[in-house]
Amino acid sequence: MGPSIDTTEQKRLNDAREAGMPWKKWGPYVSERQWGTVREDYSDDGNAWDYFTHDQARSRAYRWGEDGLGALCDDKQQLCFALALWNERDPILKERLFGLTNSEANHGEDVKEYYFYVDSTPTHSYMKYLYKYPQREYPYRDLVDTNRRRSRNEFEYELLDTGVFDEDRYFDVFVEYAKAGPEDIFVRITVHNRGPEAARLHVVPTLWFRNTWSWDADRPKPSLREAGPGVIQAAHPELGEYWLFCEGAPELLFTENESNASRLWGQPNASPYVKDAFHEYIVSGRRDAVNPAKIGTKGAAHYALEVPARGSHTVSLRLGDAALAGIKAGDAFGGTQKIFNSRIADADEFYDRIAPTSLTDDERLVHRQALAGMLWSKQFYNFDLDRWLREHRSHPLLESSRPGVRNTEWFHMINADVISMPDKWEYPWYAAWDLAFHAIALSLVDFDFAKEQLLLMLRSLAVVIGGPNQYRPETNLPIMWVGPLPMEGARVIASVGALVALALFYLVMSKTWIGLALRATAQNRVAAQTSGVDVFRLDAMAFAIGVALAGLAGALLAPVFLVYPTNGVVTTVKGFEIIVIGGLGSIPGALIGGVLLGVVESLGAAFISSPYQNAYGFILVLLVLMFRPYGLFGERGREA
């Protein structure tokens, strides 16, 4: 058997891992629903589903994330790209998926749309998405009213039941992405009219920045501007400069990704150009809704297409970093078909290589699309619980918790990560058990990402696998309050167990002949043996006591920390530091040295930099060695 040859896509994965090439920087990391989620809930009664409604979503800037149709963004969700549509009959511009909340549906919340993840490679060098859009008016009110009337014993009332797809009067809208490079992305939007008559469709590819400036006064505001016919320039202080080229020089629209306070709350807007401006401009015909200066934080290209019966129409775009700055708009789309053909061939090669040989052709298609669905289900999940609770005036360390505010014990948890989701339309909590199963499937296509997902759920920043839904599968122990501080039950038990073990050890070492003999042998082995101490028997006893203490430590710490083969390395180093700080042979020194080491490392991580947490302990050790070489409570050794 000859040597294994990596596929082109596998080489991209290798380059991402070994050379740091950002092949996975851009991907489908935008949620399909940000409205009605726990993160966006700032209600007094904790009713997330009714607090931030779908009707508000087009006008209200999100706090923690973004949503869109067939969307793409960078891995920190700073710049987003998505599709918007209008069939000239709907009451609103279709910018996001619609669904029912708990109070509206007879079987719980549910998305009422038809969309499909058709294809994707693990680096997202090629992706394909399908959205089915009715040509008749979308039945928003009918879906809510009918489902709300039905009991739990009746079937759900689905979009297909409303008749909007009758006679095949709908559009199949395909969105494809093909990367010419890690940050050079070709976009192809193909609209198929499945109906018996020609139909008009407004296609509105939209580029926008996630709103971070409204929540942080010192956060610089990024900008979008028209840089030429059909060209949008994006500038972000952290992300850098990007360009969007739009084929055919369509009309470019600009506004701000900021809430329409006038519509939502009856308050004056800080700017006349707000988040729902494109809806007002295209659907309501308000020409003054968009910024005539062609600048903002949300921009779009407006295509009004006449799609023939059973025919199709294609729109091409290109999004890339500053390397595209010198390209002329007319030259941006040269080689588009070649790039798509090449990336589709790469995807075919990749999936042909990993598919089991026993599968039939149809089974291979199912296998491929199932994995593509897993890859499309990645989402940038942004949630700083410490800040979220402070904004709710319910941080347990700062003020009394208000009733109805969830997750008050999870103030330590911070997420700003790309996470594999069980459902991108609704994800108010961690489902670590789902994610673990995801990792099995994802390991077939991207072992590195699968491993990262498991580590993400097990890292100390998340602390508990269950996350903010208050499930604690690794311990099943409740939160306990120690004075003013909330702590996991496992940590309380570990702390109490350690103190009990320390007290017993102190009594043995200070009050029994075994302890006296051990201390004498440690200070001067020859003198102790001369005095009649059986040092070899004592060595065995000391080893047994050490093993017992190590076993106890493992039992106490396993529910709190990860268990892996090199666990002992860190604890051995910490133990050495504690002995140096406290002093050799001093039990009180060990206790106080451990407390000092923990305080110094914690304060250093909190106020200086967490990646250097372990270094702060070594600095303390060096200071102790400089000014008190035998430790804070140690004694100068005695010679025989």
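The values are calculated or read from the model by the stated rules, or taken from the named source; none is laboratory data. Predicted, not measured: the structure shown is a model, and the values here were computed from it. Backbone-built Cβ (ideal geometry, glycine too); neighbour counts: all protein chains shown. Side chains included, ligands, DNA and RNA excluded: accessible areas come from the protein's heavy atoms. Shrake-Rupley method; radii C 1.70, N 1.55, O 1.52, S 1.80 Å.
Only one of the listed residues (Ala16, Ala82) is among the small types (Gly, Ala, Ser), part of a helix (DSSP H, G or I) and either closer than 23 Å to Asn415 by Cβ or touching a Lys or Arg at 6+ places or on another chain (Cβ under 6 Å) (or both). That residue is Ala16. All of Ser151, Ser103 fail the test of being modelled with pLDDT under 95, in contact with a Phe, Trp or Tyr (Cβ under 8 Å, 6 or more places away or on another chain), over 23 Å from Thr314 (Cα atoms) and outside any helix (DSSP H, G or I), apart from Ser103. Quick one: in the stretch 272-296, of everything that is farther than 17 Å from Ala57 by Cα and within 31 Å of the chain's Cα centre (by Cα), which residue is most open to solvent (accessible area, probe 1.4 Å)? Of everything passing the filter in the stretch 272-296, Ile295 is most open to solvent (accessible area, probe 1.4 Å). Within the stretch 7-44, the set of residues being acidic (Asp, Glu) and either under 26 Å from Phe81 (Cα atoms) or in contact with a Ser or Thr (Cβ under 6 Å, 6 or more places away or on another chain) (or both) comprises Glu9, Asp15, Glu32, Glu40, Asp41.
Taken over the stretch 154-186, the residue count meeting the criterion of being within 30 Å of Phe245 (Cβ to Cβ), open to solvent by 30 Å² or more (accessible area, probe 1.4 Å) and not in a loop (DSSP other than H, G, I, E, B) is 3. Of all residues in the stretch 110-120, at least one satisfies being of a type outside the set (A, V, I, L, M, F, W, C), part of a loop (DSSP other than H, G, I, E, B) and surrounded by fewer than 21 Cβ atoms within 10 Å (Cβ to Cβ).
Pairs linking a residue in the stretch 501-516 that is under 20 Å from Ser531 (Cβ atoms) to a residue that is open to solvent by 50 Å² or more (accessible area, probe 1.4 Å) and of a type in the set (Lys, Arg), with Cβ atoms under 9 Å and 6 or more positions apart or on different chains, are Met509/Arg519; Ser510/Arg519.
Would a scan of the stretch 240-249 turn up a residue that is without any contact (Cβ under 8 Å) to a residue 12 or more places away in the chain, open to solvent by 60 Å² or more (accessible area, probe 1.4 Å) and closer than 22 Å to Ser214 by Cα? Among the residues of the stretch 240-249, not one is without any contact (Cβ under 8 Å) to a residue 12 or more places away in the chain, open to solvent by 60 Å² or more (accessible area, probe 1.4 Å) and closer than 22 Å to Ser214 by Cα, which makes the answer no. So is Ala355 free of Cβ contacts under 8 Å to residues at least 40 places away in the same chain and more than 24 Å from Thr37 (Cβ to Cβ) or not? Here the answer is yes, as Ala355 does meet what is asked.
The number of residues in the stretch 80-101 that are out of contact with any strand residue (DSSP E or B) (no Cβ under 6 Å at 6 or more places or on another chain) and farther than 22 Å from Ser284 by Cβ comes to 1. Scanning the stretch 301-326 for residues that are open to solvent by 50 Å² or more (accessible area, probe 1.4 Å) and over 27 Å from Tyr281 (Cβ atoms) yields a total of 4. Being out of contact with any Asp or Glu (no Cβ under 9 Å at 6 or more places or on another chain), open to solvent by 10 Å² or more (accessible area, probe 1.4 Å) and modelled with pLDDT of 95 or more is a property that Leu253 lacks. Scanning the stretch 225-236 for any residue that is in contact with a His (Cβ under 8 Å, 6 or more places away or on another chain) and either of a type in the set (Ser, Thr, Tyr) or part of a loop (DSSP other than H, G, I, E, B) (or both) turns up nothing.
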